[in-house]
Amino acid sequence: MIVILKSSISEGSLDYQYTLQALQEIPNIELEIRTTRGLQETVTEIYLIGDTNSISKENIEALPGVEKVIRISSEYKILGRHHNKKSFEFTYNTVTFSQDNLHIFAGLCAVDTKESVELTFKSLQEHQLVCARMGVYKPRTSPYSFQGLGKDCLPYVFELAGKYGIKVIAMEVTHEKHIEEINMALNNAGNATGVMLQIGTRNAQNFELLRAVGQQRELPVLFKRGYGITLSESLHAAEYLAHAGNENIIFCLRGVKSLFGNPHRNLVDFAQVPVIKRLTRMPVCVDPSHSVGISGKAPDGISDIYHATAQGIISGANMVLIDFHPNPPRAIVDSKQAVPMHDLGWFLEDIAISRRAYEARKALALQKS
């Protein structure tokens, strides 16, 4: 059971204290208080953990300061939508993320040189983008493949991000120590930018890493669907992050491993964007680069990656994570899927078309409902 308090009630008020005491006196029930601070209001939720079947919903709703009470029937107790409960909205380093807006995180799958980083950030700034992707720690299938430059490149990545006005960088971590290294480098750079910690598909069920990332609440999290597990299993894994304390999570679809995806790298799963938005309150990201994995073009002159991106956008995606590189043939990792940086303007125009179509579809649905 979730007790949602009115946004006008504060922790120091008599109503809050009275309600909290009344809930604490319910036998065999533990309380867990979660506060979400959005751009316009702060929402306090009190989770009643235990056997709540015998508790009167009406009596709880009668307590001062209570807006509504929700009985949880979903398996996703924290991330679940629960009878049209509001979606998550959070602001990090001046950038707001929700199920209603859209952000583009373009950049290097793997940082290779300082020059590539600067050229990437410069191009993003020229196109008024404030978010990027930068691969620093790279888990690879083969132990002999390039594993990323690691913490040694963080100082110049963060310095250049600040120089070109990049507010948020999506960056994969594979070990708890990487969180410490990122925080230290951010601090040394005077917090010139921000980082969204990425849980890669290989670590989707690395529960110790999920707990470590979830226990820190300063940096938001981008959670990638596990490529060899079901959507339900991936959503449960994301619940680990929220259960550990961090609810600022974006769920990323990146394709699923299947022989039926050939010649693409994976089977594109972007039709599940609305499913995730219906089941949970998380914003949804699509990663067309790792879904498609090739730079081939259809007879219409549009690349498979652009087509896949459009599928995600027109289904309501809130974020796109995509590989760009100043010189794709020289990219150390996944060069076949990297889009040339000089095509960034084209890519953004193509996305704008799909986004307008989605907004028109949404307006039509509202009109018909």
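Going residue by residue through segment 129-142, is there one that turns out to be in a helix (DSSP H, G or I) and out of contact with any His (no Cβ under 8 Å at 6 or more places or on another chain)?
Taking segment 129-142 first, the residues in a helix (DSSP H, G or I) are none.
No - not one qualifying residue is present in segment 129-142.
Counting only residues that are charged (D, E, K, R) and touching a residue at least 40 places away in the same chain (Cβ under 8 Å), how many does segment 192-236 have?
3
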Matching helices (runs of 4 or more DSSP H) fully within segment 222-299 where at least 1 residues are under 23 Å from ARG355 (Cα atoms): 273-279, 288-292
Restricting to segment 246-263, what's the tally of residues that are of a type outside the set (S, T, N, Q) and closer than 24 Å to HIS103 by Cβ? 9
Contact list please: Cβ distance under 7 Å, first residue in segment 145-159 and without any contact (Cβ under 8 Å) to a residue 24 or more places away in the chain, second residue loosely packed, with under 15 Cβ neighbours inside 10 Å, pairs at least six apart or on different chains. GLN147/ARG140
Tell me which residues, restricted to segment 125-151, are more than 22 Å from the chain's Cα centre (by Cα) and either hydrophobic (A, V, I, L, M, F, W, C) or not assigned by the TED database to the domain that holds LEU348 (or both). PHE146, LEU149
THR96 is checked against (1) in contact with a Gly (Cβ under 7 Å, 6 or more places away or on another chain); (2) part of a strand (DSSP E or B) and fails just one. What number does that condition carry? (1)
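Of the residues in segment 309-329, how many are of a type in the set (Ser, Thr, Tyr) and either part of a loop (DSSP other than H, G, I, E, B) or surrounded by fewer than 24 Cβ atoms within 10 Å (Cβ to Cβ) (or both)? Let's see the steps before the verdict.
Taking segment 309-329 as the starting set, the residues that turn out to be of a type in the set (Ser, Thr, Tyr) are 309, 315.
Subset that is either part of a loop (DSSP other than H, G, I, E, B) or surrounded by fewer than 24 Cβ atoms within 10 Å (Cβ to Cβ) (or both): 315.
Adding up the residues that qualify gives 1.
If you go through segment 32-40 one residue at a time, do you hit one that is farther than 20 Å from PRO220 by Cβ, open to solvent by 40 Å² or more (accessible area, probe 1.4 Å), of a type in the set (Val, Ile, Thr) and not in a loop (DSSP other than H, G, I, E, B)?
Start the filter on segment 32-40 by keeping residues that are farther than 20 Å from PRO220 by Cβ, which leaves 32-33.
Subset that is open to solvent by 40 Å² or more (accessible area, probe 1.4 Å): 32-33.
Narrowing further to those that are of a type in the set (Val, Ile, Thr): 33.
Keeping just the survivors that are not in a loop (DSSP other than H, G, I, E, B) gives 33.
Yes, segment 32-40 has at least one match.
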Being open to solvent by 40 Å² or more (accessible area, probe 1.4 Å), of a type in the set (A, V, I, L, M) and touching a helix residue (DSSP H, G or I) at 6+ places or on another chain (Cβ under 8 Å) narrows it down to one of LEU119, LEU124, LEU154, LEU149, so name that one. LEU119
Which numbered condition trips up VAL117, out of (1) modelled with pLDDT under 95; (2) not in a loop (DSSP other than H, G, I, E, B)? (1)
Of all residues being surrounded by fewer than 24 Cβ atoms within 10 Å (Cβ to Cβ) and among the charged types (D, E, K, R) in segment 282-308, which is farthest from ASP343 (Cα to Cα)? Just the residue, please. ASP300
Considering each residue of segment 161-185, count those that are within 29 Å of GLU126 (Cβ to Cβ) and open to solvent by 10 Å² or more (accessible area, probe 1.4 Å), and give that number. 7
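The values are calculated or read from the model by the stated rules, or taken from the named source; none is laboratory data. Being a predicted model, the structure only gives us computed values, none of them experimental. Quick reminder, even Gly has a Cβ in these numbers, built from the backbone with ideal geometry, and neighbours come from all protein chains shown. Calculation scope for accessible area: heavy atoms of the full protein, side chains included, ligands and nucleic acids excluded. Shrake-Rupley method; radii C 1.70, N 1.55, O 1.52, S 1.80 Å.
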